[in-house]
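K.L.:
To start, I am sharing the structure in question, which I have written as structure tokens.
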Amino acid sequence: MGRYIVFLCSRCGMPRYAREGQRTAKCPYCNFQIRLDKIRILCRVEDSRAAREMVEKYKAKILIRRGMKLR
Ligand SMILES: [Zn+2]
């Protein structure tokens, strides 16, 4: 079972997750190709369900901070 990393897009700051060891991931919000060796990892989790939960948690926090405006 692979591990997953949760991180923020280095361009728009929205959270997403990827499998550990993956080199890049595309941000669904701004289409930026994120280089995973350049980002700060928020946390590591054991499965994709936990990864999705963490992403939702971070997303809610960020949207509240931004006044619920998603651009
Ligand atoms: Zn982005």
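K.L.:
List the pair-distance distribution P(r) of the chain, using every Cα-Cα distance, as the percent of pairs falling in each 5 Å bin from 0 up to the bin containing the longest distance, rounded to whole percents.
P.N.:
Over the chain, the share of Cα pairs per 5 Å bin runs 3, 18, 29, 26, 16, 6, 1, 0 percent.
K.L.:
While we're on this one: Out of the chain, which chymotrypsin sites (Phe, Trp or Tyr not before Pro) are coil in DSSP terms and have no more than 16 other C-beta atoms within 10 Å? Intermediate values should be presented prior to the final figure.
P.N.:
Values: sites: Tyr4, Phe7, Tyr17, Tyr29, Phe32, Tyr58; in loops: Tyr29, Phe32.
When the chymotrypsin sites (Phe, Trp or Tyr not before Pro) of the chain are filtered for loop state and at most 16 Cβ neighbours within 10 Å, Tyr29, Phe32 remain.
K.L.:
Let me have the relative contact order for the chain, percent, based on Cα pairs under 8 Å that are six or more residues apart. Show your work: numbers first, answer last.
P.N.:
Values: 105 pairs, mean separation 24.8, N = 71.
That works out to 35 percent.
K.L.:
Continuing with the same structure: Give me the extension gain from Ala50 to Met68: residue separation times 0.36 nm, minus the current Cα-Cα distance, reported in nm with one decimal.
P.N.:
4.1 nm
K.L.:
Which ³J(HN,Hα) values in Hz, rounded to whole numbers, follow from the phi angles of segment 30-46 under the Karplus curve 6.51 cos²θ - 1.76 cosθ + 1.60, where θ = phi - 60° and Gly and Pro get x?
P.N.:
Those phi angles translate into 10, 6, 6, 7, 7, 8, 6, 8, 10, 9, 9, 7, 6, 6, 10, 10, 8 Hz.
K.L.:
Give the angle, between 0 and 90 degrees and rounded to the nearest 10, that separates the Cα long axis of helix 48-65 from the longest principal axis of the Cα atoms of the chain.
P.N.:
Around 20 degrees separate the two axes.
K.L.:
Provide, for the chain, the number of lysine pairs with alpha carbons under 18 Å apart, each pair being eight or more places apart or on different chains.
P.N.:
5
K.L.:
Pairing rule first: another cysteine's C-beta must sit under 4.7 Å. Under that rule, which cysteines of the chain stay single?
P.N.:
Cysteines of the chain left without a disulfide-compatible partner: Cys43.
Values in this text are rule-based calculations from the coordinates and carry no lab data. Predicted model only: the values in this text are computed from it and were never measured. Here Cβ is always computed from backbone atoms with ideal geometry, including for glycine, and neighbour counts include all displayed protein chains.
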